[in-house]
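Structure first, then comments.
The values are calculated or read from the model by the stated rules, or taken from the named source; none is laboratory data. Just so we're clear, the structure is a prediction, and the values are computed from it rather than from any experiment. Quick reminder, even Gly has a Cβ in these numbers, built from the backbone with ideal geometry, and neighbours come from all protein chains shown.
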Amino acid sequence: MTALLVTDNELAIVREILQKYVPTYEVWAFGSRANGNVKPYSDLDLAVITAEPLDLQTYADLVDAFSESDLPWKVDIVDWSTTSDNFRQIILQKYLVIQAS
């Protein structure tokens, strides 16, 4: 498995937030931090693998937790069940599992 391009401390923060708000869902990292095209302040793209859409409160809490965290870059959250087939195909080209279900 290719390493996610974040520090161990940053990954610990990400995983702590995910465990608090979406502990039962698998979460994938994709985009520049997963495929190696990262710049210092590239965002982290995360896909929460859902069969049904996350409820709005959970989604809002997750977004807020990342924006209030000490991470030095933005985290973008994608709800798998609400993404288009085309976008899913892009994600499936290169992703890393950062939280198992």
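Before moving on, here are some points about what is shown:
- Filter result for GLN99 (in contact with a helix residue (DSSP H, G or I) (Cβ under 6 Å, 6 or more places away or on another chain) and not small (Gly, Ala, Ser)): yes
- Look at the range 24-36: where a residue is on the phi < 0 side of the Ramachandran plot and in contact (Cβ under 8 Å) with a residue 60 or more places away in the chain and a partner is charged (D, E, K, R) and buried (at least 19 other Cβ atoms within 10 Å of the Cβ), sitting 6+ places away or on another chain with Cβ atoms under 6 Å, you get PHE30/ASP45.
- Note on the range 18-35: residues that are at pLDDT below 95 and in a loop (DSSP other than H, G, I, E, B) total 1.
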